[in-house]
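The values are calculated or read from the model by the stated rules, or taken from the named source; none is laboratory data. Note that the structure is a prediction, hence the values are computed from the model and not measured. Cβ atoms come from the backbone with ideal geometry, glycine included; neighbour counts cover every protein chain shown. What goes into the accessible areas is simple: the full protein's heavy atoms, side chains included, and nothing from ligands, DNA or RNA. Shrake-Rupley method; radii C 1.70, N 1.55, O 1.52, S 1.80 Å.
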Amino acid sequence: MNKITRYPSALPAPFSKAVRAGGFLFLSGVLAMDAQANIIDGDIGAQTRAVLGSIKLTLEELGASMADVVRATVWLADLNDFAAFNEEYKKHFPAGVPTRATVQAALYKGAKVEIEVQAWVGS
């Protein structure tokens, strides 16, 4: 029987930071936020670094790594940032980049990027 495990978010919002279902780990979308839930200052490179750093920490906390990521969904506030985003993004997946979809969207409090990932962690 498959079990679903939910890992609560530390933020005061109604979502889990991650859910494990079977052999998959699903992370909620991550923004470049400080400890007080404010969007950090910085260009697309700085915000992408912060987001992927948070994702890496959550994965490690739950026994996974960036190498286990199989899928990512990316929202960019401005598609003109696409090339600069890609330059930073690829640095965080030395084992190879996951499959990905990228779209433009208005993001919370003026964030430049939001990323959610799914990782394979086995059964």
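Values computed for the structure shown
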{"item": "Per-residue ³J(HN,Hα) for segment 80-94, Karplus 6.51 cos²θ - 1.76 cosθ + 1.60, θ = phi - 60°, Hz, x for Gly and Pro", "result": "5, 8, 4, 5, 5, 4, 4, 4, 6, 4, 5, 5, 8, 10, x"}
{"item": "Of ALA95, ALA64, VAL30, farthest towards positive along the dipole that unit charges on Lys, Arg, Asp, Glu beta carbons give the chain", "result": "ALA64"}
{"item": "Residue order for LYS3, LYS112 - accessible surface, 1.4 angstrom probe, largest first", "result": "LYS3, LYS112"}
{"item": "Answer label for Cα Rg over 2.2 N^0.38 Å (calculated), chosen among (i) 1.09; (ii) 1.29; (iii) 1.03", "result": "(iii)"}
{"item": "Built amide H within the under 5 Å cut-off of VAL121, gap 5+", "result": "PHE24, LEU25"}
{"item": "In sequence order, calculated HN-Hα J values of segment 34-47 (Karplus, 6.51, -1.76, 1.60; Hz; x Gly/Pro)", "result": "8, 5, 9, 6, 9, 5, 6, 6, x, 7, 4, x, 5, 5"}
{"item": "Accessible area (Å², per residue) of the chain, counting only protein heavy atoms and a probe of 1.4 Å", "result": "56 Å²"}
{"item": "Residues with amide H under 5 Å from that of THR102, placed H, sequence gap 5 or more", "result": "VAL74"}
{"item": "Charge dipole magnitude, Cβ of K and R +1, D and E -1 - the chain, Cα centre, debye nearest 20", "result": "460 debye"}
{"item": "Vicinal HN-Hα couplings computed from phi for segment 49-57 (Karplus, 6.51 cos²θ - 1.76 cosθ + 1.60; Hz; Gly/Pro x)", "result": "4, 5, 4, 5, x, 5, 4, 4, 4"}
{"item": "Accessible surface of the chain [probe 1.4 Å, protein heavy atoms]: carbon and sulfur percent", "result": "55 percent"}
